[in-house]
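The values are calculated or read from the model by the stated rules, or taken from the named source; none is laboratory data. Because the structure is predicted, anything quoted here is derived from the model rather than measured. Cβ placement follows ideal geometry from the backbone for every residue including glycine, while neighbour counts extend to all protein chains displayed.
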Amino acid sequence: MWLMAMFDLPVKTKTDRREYTRFRHTLIRAGFVMLQFSVYARFLPSEEASVIYRKVVRAALPPGGEVRVMAVTDHQYGKMEIYLQKKRKAAESPPAQLGLF
């Protein structure tokens, strides 16, 4: 499954920008990748694993703005239509599973 964090945060003051940067860096350190400006996603193996990352997002919430967190299955994510300069692009693939030997 994919856990997505979407946010609109104020950036008018220096403090606002600092909070925006802190939140964004927290997402990146937690393994989220940017899909679009203010839309980040992380692949997770199960719904249970998403509980941990939802807590990470909640703990990093800035005082202002709006943040939405949504989980979609890998199948639903794969049905997403992506267009780059009017050309269709494939959705990102989940990362390869690690093999332990």
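Can you tell me how many residues in segment 1-59 are part of a helix (DSSP H, G or I), of a type in the set (Val, Ile, Thr) and either under 22 Å from residue 72 (Cα atoms) or in contact with a Lys or Arg (Cβ under 6 Å, 6 or more places away or on another chain) (or both)?
Count: 6.
For residue 31, are the conditions met, namely being surrounded by 13 or more Cβ atoms within 10 Å (Cβ to Cβ), in contact with a strand residue (DSSP E or B) (Cβ under 6 Å, 6 or more places away or on another chain) and not polar (S, T, N, Q)? Give the derivation first.
Working: surrounded by 13 or more Cβ atoms within 10 Å (Cβ to Cβ): yes; in contact with a strand residue (DSSP E or B) (Cβ under 6 Å, 6 or more places away or on another chain): yes; not polar (S, T, N, Q): yes.
Yes: the conditions hold for residue 31.
Residues 66, 19, 48: which one is exposed (fewer than 13 other Cβ atoms within 10 Å of the Cβ) and out of contact with any strand residue (DSSP E or B) (no Cβ under 9 Å at 6 or more places or on another chain)? Step through it out loud before you land on a result.
On the way: 66 fails: out of contact with any strand residue (DSSP E or B) (no Cβ under 9 Å at 6 or more places or on another chain); 19 fails: exposed (fewer than 13 other Cβ atoms within 10 Å of the Cβ).
Only one candidate qualifies: 48.
Residues checked against (1) modelled with pLDDT of 90 or more; (2) in contact with a Phe, Trp or Tyr (Cβ under 8 Å, 6 or more places away or on another chain); (3) at positive phi; (4) not hydrophobic (A, V, I, L, M, F, W, C):
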position: 18; (1), (2), (3), (4): yes, no, no, yes
position: 59; (1), (2), (3), (4): yes, no, no, no
position: 65; (1), (2), (3), (4): yes, yes, yes, yes
position: 74; (1), (2), (3), (4): no, yes, no, yes
position: 95; (1), (2), (3), (4): no, yes, no, yes
